[in-house]
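The values are calculated or read from the model by the stated rules, or taken from the named source; none is laboratory data. All values reported here derive from a predicted model rather than from experimental measurement. Note that we place each Cβ from the backbone using ideal geometry, even for glycine, and neighbour counts take in every protein chain shown.
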Amino acid sequence: MRYQNNFLGKEKEIVLVGNPNVGKSCLFNQFTGIGTIISNYPGTTVEIISGFTNLKHLKNIKITDLPGAYSLIGSSPDESVTRDYIFSKKPGVIINILDTTNLSRHLYLTLQLIENKLPVVIALNFIEEANSDGIIIDSKKLSQILGVPVVEVNCLNGKGVDRLAEICEMVIENKFEFKFYSPQYSKKIEALLSELISFTGNERQDIIRFLEGDSGIWPRIKRKGRIYNIIRSYHLEHSIETEISKDKHVIALSIAKESTKITKKTNKSYLEKLSDITIKPKTGIPILVFVLAFIFFFLFVLGAKFERLIVITFQGYIAPVFQSLINLIPLPIVRRILTHGFITGIEAGLSIAIPYISIFYFIISILEDSGYLPRVAYLLDRVMHKLKLHGNSIIPLILGFGCNVPAILSARVLSSWRERLITITLLCLIPCSAVTAIILGATAKYVGFQFALLIYFIDLIIILSVGYILGRTLPGEHTGLILEMPPLRVPSLKNIIKKTWIRLKDFVYIAFPLLIAGAVVIGLLNDYNLLLYIVKPVSPFFKYVLNLPEQVIITLIFGILRKEMALEMLVVLSGSTNLLEFLTPLQIFVFSLVTSIYIPCIATIAVLLKEVGWKRTVYITLATIVIAVTLGSIVTRLFPILGILS
Amino acid sequence: MESIKKGDYLKTIYHLQKNKNRAIKSVELAKDLGVSKASVNEMIKKLANSGLVEYKRYTSINLTKRGIREAERIVYKHKILEGFLLNILGIKKSKIHSEAHKLEHDFSDDSIKKLEKILKKPETCPHGDRIPDKDKEACLLDSVGIGEKAEILFTKIKNKKILEKVNSLGFVPNTKIKVLNKIRNGPIELSLKNCKIALGKSICRQIYVKKI
């Protein structure tokens, strides 16, 4: 049957589809230039990245990198987006990237695509790795069996990408003749299928999608009610979903075998040996501790140095230029707004985004591309079970030590809503890099390093207890860890830089407008001495409970903009660089402790709104305030009794 | 009389649960056995005391792992006896069920084993149902040790999303796996078709395998 590309002229779009960790984003980068757009799929928080092709053969065609999926059924929010995008937008070309080292598993998704007669072009990635494993693929044979084009590519160095682009162009121009392979299931299932086809009048591929458990096809299936009776009459050994899936895996395996030649397996590579070491708890845990220590060293030592550099440069060279431009404006109120917005706001943004966030993203991208992160999830799965979470939550939680914004966004990988909500709530309590700046800059500097550690310890206790309580009270099912452990790979620098850049851009879009607006509002309130009035009604309360002076309460408001601004404002308001002239050591300790927990910063609140809705955002915010104030008041009263810091 | 009844309850719950794939209500059990709800509740309490079922009042009855094993032992005996009655004694097929039902409680495990040998280890009973003998070899995935290989027999995952994910990753019957690493009381890492996958303990406890 000749396949007619009905999508011609409608949607000249290429999409990339494949299992997670198959190198999709890498191939995407090979196809596109710098300009990429991150957008949310309508109605979801799942992100899809689009761009335009920038190759010799293929210019200015929209290309979209869809979330990684193991199947088209849609068993997680990400997979549902991939499915819906393919079936509703009907892109003209679907590039299905496969991992050659593990062809049969990856062919499972391919079979689903081909079964639905979609314009698939297969890109075989990791050819060299497969060869060194002793696996040689006959891609012509594979193409013959499946009836779709197959191209060997190397996503890292771009080999084969031109050929892939040529094929894509052919498909777009309807010059390729598809002869779709039609998978044949076991006898019983085939009998069931033909009965259901004649019973419902639906097409074969729709019935198969229905039986696989794909809820997206539901509205199109006729006479659903009776279908289950028919299925039952076949006395299948397993559930119908499992039966279909089982057969499909068998088919995938036989196709893979037919097109593969396995020569003798070579010795374990050094990366495989390293992989074993990172997984075995005895060696894996020390490596994990080392990796985490390395991340924090980079962040705190380098990040802090980097930040100073940026602040000095900004204040020394850029701010004066802005200021002199602003001073040209006659209206004083406008001058003020611009000063706060463009000087305070941008400085705040730059000094978090550039040093901490970019370094953090850079390191995380390395960990991600090298395939190390799933090992962390595996090693810490048991610990997370104590909080009724599982290993997958650990990745967002680690990100939280850098910055809560990307961490909250990354919680999307969790498939259950309950686990996402718990993880996100805990994230708001994790001391991010800005909080660390306060703990180090105030407590460690003026009170003592052991007290800085004490704050971390208290935070940890709070996080564990909140997690413990939420884990046992929030309704919903406690699922479990299911995670593919990709082989360790040497990441490409180009890819990491691009990834870091895309994420940094996303952060800047969310955080900068808020920082600027927030800086203007708080700055103006401060200029007209209104801040004091706002604080006044509550300050006696805080003064009594926390035993902190009024000015400190004001600094806490600044801390909402950016946590470490609380410390900067404290220094400004105290009028001295030595905080001890203004506050007692105990007060400094309480101040650090409270700022480390109270209210998520404004950028965090923005993502919270986006991810969990305003109601839960309010709950989380109130809860952090209550916890912070309670802790502060306990410490204020308890420490003198115990004779600590008095 | 008492122990006969107990076995019947277990068997009925076992069959109902297998068909419905969920916990059983006491009403359903009463209907199936043709007894009053009160006597069902009384027996369920007894079964719960001996650790064979878990139940929530009036709502749901679930066999415990021990209960399942016990029920499967009875079903297994029943089916072997059916085969014996039909193939060796030549009793009519319509009668073998009730006859086997009477015998199943009195035959010892050893005699059944010997009968099974004589019948050349059948896989199905005369009615064509699977004898849960194979299931007796079934163990949970998390009982497989490091370096051991196993073949997946079936899964008992109720959460559809998890089932679909596990299916699409290739955890389907007849697939061979090898356990690579294990954390005590924690997840396991296994290889399946040249690919490594980590599974949490709770998922492993819903996948049944046969060690090979």
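Of all the residues in segment A:182-216, those that are more than 17 Å from A:I230 (Cα to Cα) and within 36 Å of the chain's Cα centre (by Cα) number 5.
Given the options B:V166, B:V179, name the one that is in a helix (DSSP H, G or I), surrounded by 20 or more Cβ atoms within 10 Å (Cβ to Cβ) and more than 19 Å from the chain's Cα centre (by Cα). Lay out the reasoning, then the answer.
Values: B:V179 fails: in a helix (DSSP H, G or I).
On inspection, the qualifying residue turns out to be B:V166.
All of A:F176, A:F210, A:F180 fail the test of being within 14 Å of another protein chain (Cβ to nearest Cβ) and in contact with a helix residue (DSSP H, G or I) (Cβ under 7 Å, 6 or more places away or on another chain), apart from A:F210. Scanning segment A:309-318 for residues that are within 22 Å of A:T436 (Cα to Cα) and either loosely packed, with under 12 Cβ neighbours inside 10 Å or under 25 Å from the mean Cα position of the chain (by Cα) (or both) turns up just one, A:I312. Only residues that are modelled with pLDDT of 85 or more and of a type in the set (F, W, Y) were counted in segment A:240-272, giving 0. Of all residues in segment B:98-120, one or more are without any contact (Cβ under 8 Å) to a residue 40 or more places away in the chain, away from every other protein chain (no Cβ under 11 Å), of a type in the set (D, E, K, R) and touching a helix residue (DSSP H, G or I) at 6+ places or on another chain (Cβ under 7 Å).
Would you mind telling me which numbered condition in (1) within 14 Å of another protein chain (Cβ to nearest Cβ); (2) modelled with pLDDT of 90 or more A:S275 fails? It fails just one condition, (2).
Restricting the search to helices (runs of 4 or more DSSP H) fully inside segment B:1-120 and requiring at least 2 residues that are in contact with a Cys (Cβ under 7 Å, 6 or more places away or on another chain) gives B:65-83. Restricting segment A:77-101 to residues that are out of contact with any strand residue (DSSP E or B) (no Cβ under 8 Å at 6 or more places or on another chain) and assigned to a helix (DSSP H, G or I), the residue that is surrounded by the fewest Cβ atoms within 10 Å (Cβ to Cβ) is A:S88. Taken together, the residues in segment A:223-249 that are within 30 Å of A:A130 (Cα to Cα) and without any contact (Cβ under 8 Å) to a residue 24 or more places away in the chain amount to 2. Of the residues making up segment A:388-446, those that are under 19 Å from A:L481 (Cα atoms) and polar (S, T, N, Q) are A:N392, A:S393, A:S410, A:S415, A:S416, A:T423. Listed conditions (1) part of a helix (DSSP H, G or I); (2) at pLDDT 80 or above; (3) over 18 Å from B:P187 (Cβ atoms) are all met by A:S393, apart from (3).
When segment A:470-503 is limited to residues that are without any contact (Cβ under 8 Å) to a residue 24 or more places away in the chain and over 23 Å from A:E47 (Cβ atoms), the one that is farthest from the other protein chains (Cβ to nearest Cβ) turns out to be A:L493. Residue count for segment A:185-203 under the criterion of being surrounded by fewer than 14 Cβ atoms within 10 Å (Cβ to Cβ) and touching a residue at least 40 places away in the same chain (Cβ under 8 Å): the result is 1.
Check every one of the helices (runs of 4 or more DSSP H) wholly within segment A:181-236 and list those with 3 or more residues that are at pLDDT below 85, more than 23 Å from A:Y108 (Cα to Cα) and not basic (K, R).
Per the criteria, A:224-232.
Please work out which residue is surrounded by the fewest Cβ atoms within 10 Å (Cβ to Cβ), limiting yourself to segment A:204-222 and to residues that are without any contact (Cβ under 8 Å) to a residue 12 or more places away in the chain and within 21 Å of A:A69 (Cα to Cα). Only one residue fits best here, namely A:W218. Here A:I522 meets the list (1) in a helix (DSSP H, G or I); (2) farther than 22 Å from A:V594 by Cα almost entirely, failing just condition (2).
If I ask for residues that are buried (at least 18 other Cβ atoms within 10 Å of the Cβ) and either outside any helix (DSSP H, G or I) or more than 9 Å from every other protein chain (Cβ to nearest Cβ) (or both), which ones from segment A:237-251 would you list? I'd like the intermediate steps shown before the answer.
First pass over segment A:237-251, keeping only residues buried (at least 18 other Cβ atoms within 10 Å of the Cβ): A:239-249, A:251.
Of everything in segment A:237-251, those that are buried (at least 18 other Cβ atoms within 10 Å of the Cβ) and either outside any helix (DSSP H, G or I) or more than 9 Å from every other protein chain (Cβ to nearest Cβ) (or both) turn out to be A:S239, A:I240, A:I251.
Residue-by-condition table, conditions (1) within 14 Å of another protein chain (Cβ to nearest Cβ); (2) among the small types (G, A, S); (3) surrounded by fewer than 24 Cβ atoms within 10 Å (Cβ to Cβ):
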site: A:N392; (1), (2), (3): yes, no, no
site: A:G400; (1), (2), (3): no, yes, no
site: A:N404; (1), (2), (3): no, no, no
site: A:P431; (1), (2), (3): no, no, yes
site: A:T443; (1), (2), (3): no, no, no
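On inspection, B:K211 does not qualify as surrounded by fewer than 20 Cβ atoms within 10 Å (Cβ to Cβ), free of Cβ contacts under 8 Å to residues at least 40 places away in the same chain and more than 9 Å from chain A (Cβ to nearest Cβ). Residue check: is B:E189 at pLDDT 85 or above, outside any helix (DSSP H, G or I) and within 10 Å of chain A (Cβ to nearest Cβ)? Criteria met by B:E189. Give the residue that is nearest to A:W417 (Cα to Cα), with candidates limited to residues of segment B:134-166 that are in contact (Cβ under 8 Å) with a residue 12 or more places away in the chain and facing another protein chain (nearest Cβ under 8 Å). By that ranking, first place goes to B:I162.
Given the structure, is A:P281 surrounded by fewer than 16 Cβ atoms within 10 Å (Cβ to Cβ) and at pLDDT 85 or above? Criteria not met by A:P281.
Condition check ((1) under 19 Å from A:R489 (Cα atoms); (2) surrounded by fewer than 19 Cβ atoms within 10 Å (Cβ to Cβ); (3) modelled with pLDDT of 90 or more) across all residues:
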{"residue": "A:L142", "(1), (2), (3)": "no, no, yes"}
{"residue": "A:V151", "(1), (2), (3)": "no, no, yes"}
{"residue": "A:L156", "(1), (2), (3)": "yes, no, no"}
{"residue": "A:K159", "(1), (2), (3)": "yes, yes, no"}
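Mind checking whether some residue in segment A:269-277 is touching a residue at least 12 places away in the same chain (Cβ under 8 Å), outside any helix (DSSP H, G or I) and out of contact with any Phe, Trp or Tyr (no Cβ under 7 Å at 6 or more places or on another chain)? Yes, that holds for at least one residue.
If you go through segment A:406-422 and pick out every residue that is farther than 20 Å from B:K165 by Cα, touching a residue at least 40 places away in the same chain (Cβ under 8 Å) and either aliphatic (A, V, I, L, M) or within 14 Å of chain B (Cβ to nearest Cβ) (or both), you end up with 4. Checking each residue in segment A:480-498 for being surrounded by fewer than 22 Cβ atoms within 10 Å (Cβ to Cβ) and not in a strand (DSSP E or B) picks out A:P487, A:L488, A:R489, A:V490, A:P491, A:S492, A:L493, A:K494, A:N495, A:I496, A:I497, A:K498.
Listed by first and then second residue, the pairs with beta-carbon distance under 8 Å, at least 6 apart or on different chains, first residue in segment A:532-544 and farther than 19 Å from A:I634 by Cβ and assigned by TED's automatic domain parsing to the domain that holds A:I634, second of a type in the set (G, A, S) and loosely packed, with under 11 Cβ neighbours inside 10 Å, form an empty list.
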